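The values are calculated or read from the model by the stated rules, or taken from the named source; none is laboratory data. Keep in mind that what you see is a predicted model, and the values were worked out from it rather than measured. Positions of Cβ are backbone-derived with ideal geometry, glycine not excepted, and every protein chain shown enters the neighbour counts.
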């Protein structure tokens with residue numbers, strides 16, 4: 001059985017008729033352009049697009065005629081109906097991308113003339129841009145760059161209608177065009193005034209991304225922990241704190257309806273509700289956050305606890321009574337901000353208030369055995385008159401000594417989730433443990449609430465950034481204690497202390513490739529992953545997050561005292577003028593260096609005209625030599641030398657000597673040394 005190598009495929013492609021070869025190359029480029037969209041469109045769209053492209057490939061291989069327009073109309077109507085059935089509209093990001101993919105695939109069935117090819121190229125360029133609606137990662141950018149080179153190669157090839165030029169020649173021209181345009185692109189990127197994020201997309205763009213949610217149903221956070229994607233990157237000013245103190249505060253959930261934890265739905269007026277009342281001690285910890293887009297929330301992730309909040313004037317961040325920092329709109333783009341936090345702090349009211357009753361309420365009819373456990377614990381003499389701290393300690397002791405385990409797959413929780421955890425399964429993820437703990441605390445008349453966010457992370461040794469992933473999503477509890485206010489209690493540490501003390505995380509099993517790499521070199525995969533994360537971070541920092549502040553900061557570093565958009569405009573104009581002058585000089589130089597052989601012939605012709613030799617404007621060297629002998633005389637030394645030199649010039653172009661080839665430089669020197677007729 002013979003294997004097919006890429007070289008043999010390329011050779012077979014080159015031997016095909018030009019029309020079939022160009023069509024197959026264009027189809028391959030279209031498939032590459034559409035590949036990043038497969039996971040973001042309905043399954044029927046991917047199947048239809050792939051089937052049409054395969055059909056068109058078969059038609060090109062077999063040299064069969066294209067289908068009639070009735071087939072195209074039937075497929076188009078079916079695609080429109082399926083799009084409307086899938087989304088209920090033709091407007092929006094997903095239906096728009098779906099229609100573009102279908103139209104591009106169907107247009108290949110009309111690929112008869114150059115005009116049709118140019119329409120396909122236009123749709124391909126537009127489809128490439130839509131890939132950034134879903135991802136702006138370095139990997140996506142690299143894939144789009146390959147697609148761009150392929151499209152430019154096909155476009156250059158389409159502008160060479162005569163003969164059968166090699167695709168390699170078109171690829172070289174396309175690469176040269178890309179390299180020539182790269183400096184202009186770089187200047188525009190650096191100096192073009194920034195109005196918003198680089199890749200501005202609609203608000204629904206990131207709705208499908210995994211991340212924290214404004215609510216918590218027991219079992220949902222375990223699915224987030226399977227996501228190895230990056231939630232944010234942190235760069236600390238100095239040494240990073242210890243792992244166990246890294247709690248990044250997200251949504252605070254204070255109302256429980258029996259199945260789901262929700263933001264506070266107070267039964268008391270705002271004037272009676274507990275306020276943040278943050279009290280900090282010691283020097284602040286300063287750091288920079290690069291926050292990846294979440295799933296449409298407005299929360300800004302900060303270390304507990306920040307008194308001043310992030311420096312984001314355009315988002316006007318504010319602190320809620322639950323100590324959470326939120327923006328004035330949803331965060332749908334990569335965001336970077338400076339912040340500072342105090343790890344030593346207290347917050348919340350020091351004395352009991354009526355508003356704290358919202359934090360001990362429980363829905364009737366749920367978790368009766370947990371309520372019975374609370375009553376049993378309170379009947380113990382040591383807890384009957386004890387304060388909240390002792391009751392918290394008793395619950396944590398039960399977690400440590402009761403045989404409970406920490407797992408990513410505890411099973412599906414039913415109506416009484418806390419009962420199942422405390423008495424039946426005795427296993428759970430952090431959300432199961434935190435939810436069951438808070439329910440028990442409330443049943444013991446201790447105000448408590450669930451806090452979600454991220455805990456821990458890992459240091460990337462390549463760039464020194466602290467990387468927090470979605471798998472670091474965590475849920476913990478806060479209890480109110482008299483004289484201390486709200487106090488963080490992480491019940492998961494009583495079951496699995498390593499969860500907050502080390503970087504070890506539960507997660508999905510490794511794939512075959514990762515397992516094979518680990519078998520060869522356990523540290524190789526970690527090193528490669530760290531290098532890739534660092535590269536992606538640089539891409540995020542210097543490309544995706546190249547904001548107006550960074551742009552103006554770059555100008556200040558270059559010596560401009562107070563740069564603004566007018567400064568950028570003047571610099572752009574200056575660069576445009578310099579580029580035009582450089583282009584004109586290049587064109588003049590290129591014109592002079594174009595065909596040096598012809599330039600030598602023109603110099604010889606100019607000398608002959610001075611001697612009165614008459615000849616046609618486009619006279620070749622051999623005829624010019626004959627005119628020289630006929631009009632100047634065969635016995636004249638100049639005529640003899642010029643005749644001999646013109647024949648050598650002709651031989652240099654059309655019959656070069658394989659033994660001692662004559663160079664143009666040698667001929668140019670000989671022309672200068674010819675004997676003068678005067």
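Numerical summary
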quantity: Test result for residue 33, within 23 Å of the chain's Cα centre (by Cα), in a helix (DSSP H, G or I) and surrounded by 19 or more Cβ atoms within 10 Å (Cβ to Cβ); calculated: yes
quantity: Residues of region 55-103 satisfying the condition of being under 19 Å from residue 134 (Cα atoms), surrounded by fewer than 17 Cβ atoms within 10 Å (Cβ to Cβ) and touching a residue at least 40 places away in the same chain (Cβ under 8 Å); calculated: 86, 92
quantity: Filtered residue count, region 456-488, keeping only those that are in a strand (DSSP E or B), touching a helix residue (DSSP H, G or I) at 6+ places or on another chain (Cβ under 6 Å) and under 20 Å from residue 428 (Cα atoms); calculated: 5
quantity: Residue count for region 418-455, restricted to those that are assigned to a helix (DSSP H, G or I) and either in contact with a helix residue (DSSP H, G or I) (Cβ under 8 Å, 6 or more places away or on another chain) or surrounded by 19 or more Cβ atoms within 10 Å (Cβ to Cβ) (or both); calculated: 20
quantity: Segments classed as helices (runs of 4 or more DSSP H), wholly inside region 92-191, with at least 2 members that are under 22 Å from the mean Cα position of the chain (by Cα) and under 30 Å from residue 79 (Cα atoms); calculated: 93-107, 114-130, 138-158
quantity: Subset of region 104-125 [closer than 17 Å to residue 67 by Cβ and free of Cβ contacts under 8 Å to residues at least 24 places away in the same chain]; calculated: 107, 113, 116
quantity: Output for region 224-238, where each listed residue is modelled with pLDDT of 85 or more and part of a loop (DSSP other than H, G, I, E, B); calculated: 237
quantity: In region 279-297, the residues that are buried (at least 18 other Cβ atoms within 10 Å of the Cβ), touching a strand residue (DSSP E or B) at 6+ places or on another chain (Cβ under 9 Å) and part of a loop (DSSP other than H, G, I, E, B); calculated: 292, 293, 294, 297
quantity: Residue check for residue 454: within 36 Å of the chain's Cα centre (by Cα), at negative phi and at pLDDT 90 or above; calculated: yes
quantity: Some residue of region 254-262 being more than 23 Å from residue 358 (Cα to Cα), out of contact with any helix residue (DSSP H, G or I) (no Cβ under 7 Å at 6 or more places or on another chain) and assigned to a loop (DSSP other than H, G, I, E, B); calculated: no
quantity: Long-range neighbours under 7 Å by Cβ, at least six apart or interchain, first residue surrounded by 10 or more Cβ atoms within 10 Å (Cβ to Cβ) within region 653-678, second assigned to a loop (DSSP other than H, G, I, E, B) and modelled with pLDDT of 85 or more; calculated: 677/611; 677/636
quantity: Looking only at region 406-434, and only at residues there that are modelled with pLDDT of 90 or more and in contact with a strand residue (DSSP E or B) (Cβ under 6 Å, 6 or more places away or on another chain), the one that is nearest to residue 474 (Cα to Cα); calculated: 434
quantity: Test: residue in region 95-112 that is over 24 Å from residue 54 (Cα atoms) and in contact with a helix residue (DSSP H, G or I) (Cβ under 8 Å, 6 or more places away or on another chain); calculated: no
quantity: Out of 49, 23, sole residue that is modelled with pLDDT of 85 or more and assigned to a helix (DSSP H, G or I); calculated: 49
quantity: Residue check, residue 487 at pLDDT 90 or above, crowded, with 22+ Cβ neighbours inside 10 Å, in contact with a strand residue (DSSP E or B) (Cβ under 6 Å, 6 or more places away or on another chain) and closer than 23 Å to residue 301 by Cβ; calculated: no
quantity: Helices (runs of 4 or more DSSP H) enclosed by region 353-417 - at least 1 residues per element that are within 47 Å of the chain's Cα centre (by Cα) and buried (at least 17 other Cβ atoms within 10 Å of the Cβ); calculated: 368-378, 388-401
